[in-house]
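Enquirer: To start, I am sharing the structure in question, which I have written as structure tokens.
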Amino acid sequence: MDAVIERRPPDWARVVRRLAAWVLIGVPTLLAIVLVASADARYVARAGVEEARILLKRRAITKLVADAKTPPALRQRLQLVLAARAYAADSLGLLVGETFTSYVDVGRDTLLLVLSAARRDRLREYTWRYPIVGIVPYKGFFNFATARAAAVDLDRGGYDTYLRPAGAFSTLGYFSDPLLSTVMERDTMELVATVIHELAHNTLYLKSQTPFNESFASFVGYRGAQMFFKSRGDSLDAKRAAARWRDERTLDVLYAELARRLDSAYAAGPVGPALEGTRTATFEWARAQFRGAVGQSLETYDWRWFAQAPLNNAVVIAQRLYRMNLNLFDEVYAHARGDLRETIRAIQVRVFTQPGEDPYEALYSRPGLPAE
């Protein structure tokens, strides 16, 4: 028979000390190694810090509205946001959660700079990969100097770049996104459209499908704003929202044609002076459209901005992110007899039940629509 070995009871105090040492020393050390080794990890950590700073500054909108010290103009805008949020939930069926129930004054007119990039010899975007959202063709920077340095690095690498300001962003409902002061200076129509746009992201967001996600949100934002103002008897802003959506459709068609012409030109494989000549001629064609009939047809945008703004592959890709195949969303809207809530539901049914990686393909189908 084997000898019986008496085991001592564990020294729990020692175990606790070792665990505490691991938590206090080991974990921070591991994180430090990861941050030093990975630029992406440093970026995500910085974004997390900035998001935390914003969240810590939140003030409940209902309290600000009730506060006699709140400037009347701000109180009026906050009340409009609460009304738009309620309409989005009750009439459009959007998932609002706690989004836009609080307000943050960020202390500057631009929240972050967004960087896009693309190869110079083809219309192919430069992409970044992030947790949750997947692959996206842009990168946001809270630090403007870092953003400009990143753009310079890509320029030196032979890429076209496009750096632009942004006043809002969405965490897709994972956090209680506050309303930011950077969007409060927008006119009433754009303010409401922005609120509904961001709430649309909470409701439907497909990983690594940025053009679809943004175009869907633009459709819901402007169509939703039109319905919201119409429900309040505000015919002026309702008409402006409808006109803005017509302009978005017009720009969609123009940028799609520009992309087609660029793809065709790059397919010939031009290099050196031939490549630059092709790019110059194609971009000048686009500017001529803005100076001509297309620009003159715009109802809410100043055609001169488009005609004078820099153009390159990165700009074209960035402009199309929010305006891609908008006609397909409107076709579902027409089949739903102008019922935006039903349209949103039908689009959700289609993209989640139809096979394939391209959600736009699902918009050609009919499931989820009311019987004709």
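Enquirer: Within the bounds of region 177-192, is there any residue that is of a type in the set (S, T, Y), under 15 Å from the mean Cα position of the chain (by Cα) and either over 17 Å from V81 (Cβ atoms) or at pLDDT 95 or above (or both)?
Expert: no
Enquirer: Related question: Only one of (1) surrounded by 15 or more Cβ atoms within 10 Å (Cβ to Cβ); (2) part of a helix (DSSP H, G or I) is not met by P273, so which one is it?
Expert: Exception for P273: condition (1).
Enquirer: In addition: Collect the residues in region 287-332 that are over 25 Å from the mean Cα position of the chain (by Cα) and within 17 Å of D252 (Cβ to Cβ), keeping them in residue-number order.
Expert: Q289, F290, A293, V294, G295, S297, listed by residue number.
Enquirer: Right, here's the next one. Among the residues of region 306-321, write down those that are among the polar types (S, T, N, Q), assigned to a helix (DSSP H, G or I) and in contact (Cβ under 8 Å) with a residue 60 or more places away in the chain. Give the steps one after another, and end with the answer.
Expert: Quick first cut of region 306-321, residues among the polar types (S, T, N, Q) only: 308, 312-313, 319.
After this cut, where a residue has to be assigned to a helix (DSSP H, G or I) as well, the list is 308, 313, 319.
Within region 306-321, N313, Q319 qualify.
Enquirer: Surrounded by 15 or more Cβ atoms within 10 Å (Cβ to Cβ) and either among the small types (G, A, S) or in a helix (DSSP H, G or I) (or both), is that true of Q296? Before the answer, list the steps.
Expert: Working: surrounded by 15 or more Cβ atoms within 10 Å (Cβ to Cβ): no; either among the small types (G, A, S) or in a helix (DSSP H, G or I) (or both): yes.
In short, no.
Enquirer: Take region 66-98 and flag every residue that is of a type in the set (K, R) and in contact with a helix residue (DSSP H, G or I) (Cβ under 9 Å, 6 or more places away or on another chain). First the steps, then the outcome.
Expert: Restricting attention to region 66-98, the residues satisfying the condition of being of a type in the set (K, R) are 69, 75, 77, 85.
Once the filter is applied, which keeps residues that are of a type in the set (K, R) and in contact with a helix residue (DSSP H, G or I) (Cβ under 9 Å, 6 or more places away or on another chain), region 66-98 yields R75, R77, R85.
Enquirer: Regarding region 287-301, can at least one residue be identified that is of a type in the set (A, V, I, L, M, F, W, C), within 27 Å of Y205 (Cα to Cα) and free of Cβ contacts under 8 Å to residues at least 40 places away in the same chain?
Expert: Within region 287-301, the subset of a type in the set (A, V, I, L, M, F, W, C) is 288, 290, 293-294, 298.
Adding the requirement that they be within 27 Å of Y205 (Cα to Cα) leaves none.
Within region 287-301 (the criterion being of a type in the set (A, V, I, L, M, F, W, C), within 27 Å of Y205 (Cα to Cα) and free of Cβ contacts under 8 Å to residues at least 40 places away in the same chain), the answer is no, since none of the residues qualifies.
Enquirer: Condition test on S208, is it among the polar types (S, T, N, Q) and either crowded, with 23+ Cβ neighbours inside 10 Å or at pLDDT 95 or above (or both)?
Expert: Spelling it out, it is not the case that S208 is among the polar types (S, T, N, Q) and either crowded, with 23+ Cβ neighbours inside 10 Å or at pLDDT 95 or above (or both).
Enquirer: While we're on this one: Surrounded by 15 or more Cβ atoms within 10 Å (Cβ to Cβ), β-branched (V, I, T) and closer than 22 Å to N213 by Cβ, is that true of T250? Please lay out each step first, then the result.
Expert: Numbers: surrounded by 15 or more Cβ atoms within 10 Å (Cβ to Cβ): yes; β-branched (V, I, T): yes; closer than 22 Å to N213 by Cβ: yes.
Answer is yes for this residue.
Enquirer: While we're looking at this one, here's another question. Tally up the residues in region 67-109 that are part of a loop (DSSP other than H, G, I, E, B), out of contact with any Leu (no Cβ under 7 Å at 6 or more places or on another chain) and over 30 Å from G338 (Cα atoms), please.
Expert: Total satisfying the criteria: 8.
The values are calculated or read from the model by the stated rules, or taken from the named source; none is laboratory data. None of these values were measured; they are calculated from a predicted model. Note: ideal-geometry Cβ built from the backbone for every residue, glycine included; neighbour counts use all protein chains shown.
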